[in-house]
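Undergrad: I'd like to ask some things about the structure below.
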Amino acid sequence: MRYDLVVNTFVRDATRLGRLMLHGGGTMHRPLVDIRDVAEAHIACLEAPIERVGGQTFNVLHRNLQVREVANAVVSEFARRGHAVELQDGPLPPIVREYQCTSDRLPAATGFAPSRALEQVLPELIALTENGYGDFDNKRYYNIDWMTPLREEIESPFVRRLASAGEGV
């Protein structure tokens, strides 16, 4: 599980802090998809005729939502479970990321369209955190924290010397 993605981050913060921070009002969009839909999309592409999918790139998403909509869904699900979660407005971050995309090509080529909505997935995600996936401080669950040391190792002088000597890594 990654805790550097908006839905997972909000579940983490609701669980730990009882509040969610909406930077810049949460008006930025994010394309959302459940990992099971991603897996099914891969299978659909593998099973589709090569002339329909060969050499193609497909976006896989269920829906684009504003960050504020995601936060409201998390607040509602926690409220349904008897836990109050506060929404707080925060300043815009130094870099504002706005992501929206379409996945129209995927169902046209494969017949598969992601179907798991955020409201379906949230109860399952919260249950996971309640049942042991709540190791929120483990660097393994944050791409930058996990990948930076690996990159530094790959870029180390020792590894570069091995690679240039034809030793391989």
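The values are calculated or read from the model by the stated rules, or taken from the named source; none is laboratory data. Predicted, not measured: the structure shown is a model, and the values here were computed from it. Neighbour counts run over all protein chains shown; Cβ positions are idealised from the backbone, glycine included.
Undergrad: Select, from Ala44, Ala79, the only residue that is more than 19 Å from Thr102 (Cα to Cα) and hydrophobic (A, V, I, L, M, F, W, C).
TA: Ala79
Undergrad: Can you say whether Val53 is within 20 Å of the chain's Cα centre (by Cα) and in the same structural domain as Ala127 (by TED's automatic domain parsing), as far as the supplied structure shows?
TA: Here the answer is no, as Val53 does not meet what is asked.
Undergrad: Of the numbered conditions (1) of a type in the set (A, V, I, L, M); (2) within 18 Å of the chain's Cα centre (by Cα); (3) under 21 Å from Thr15 (Cβ atoms), Val96 fails exactly one; give the number of that condition.
TA: Val96 satisfies all of (1) of a type in the set (A, V, I, L, M); (2) within 18 Å of the chain's Cα centre (by Cα); (3) under 21 Å from Thr15 (Cβ atoms) except (3).
Undergrad: Here's something else I'd like to know. So, in region 116-135, of the ones that are assigned to a loop (DSSP other than H, G, I, E, B) and at pLDDT 95 or above, which residue ends up surrounded by the fewest Cβ atoms within 10 Å (Cβ to Cβ)?
TA: My answer is Ala117.
Undergrad: Does region 27-55 hold any residues that are in contact (Cβ under 8 Å) with a residue 60 or more places away in the chain and among the small types (Gly, Ala, Ser), and which are they?
TA: Result: Ala41, Ala44, Ala48.
Undergrad: Next question. Being among the charged types (D, E, K, R) and without any contact (Cβ under 8 Å) to a residue 24 or more places away in the chain is the filter here; which residues of region 72-118 pass it?
TA: Result: Arg80, Asp104.
Undergrad: Additional query: Is it fair to say Ser164 is modelled with pLDDT under 95, of a type in the set (Ser, Thr, Tyr) and farther than 15 Å from Thr9 by Cβ?
TA: Here the answer is yes, as Ser164 does meet what is asked.
Undergrad: Residues Ile50, Ile43: which one is within 17 Å of Ser115 (Cβ to Cβ) and out of contact with any Pro (no Cβ under 9 Å at 6 or more places or on another chain)?
TA: Ile43
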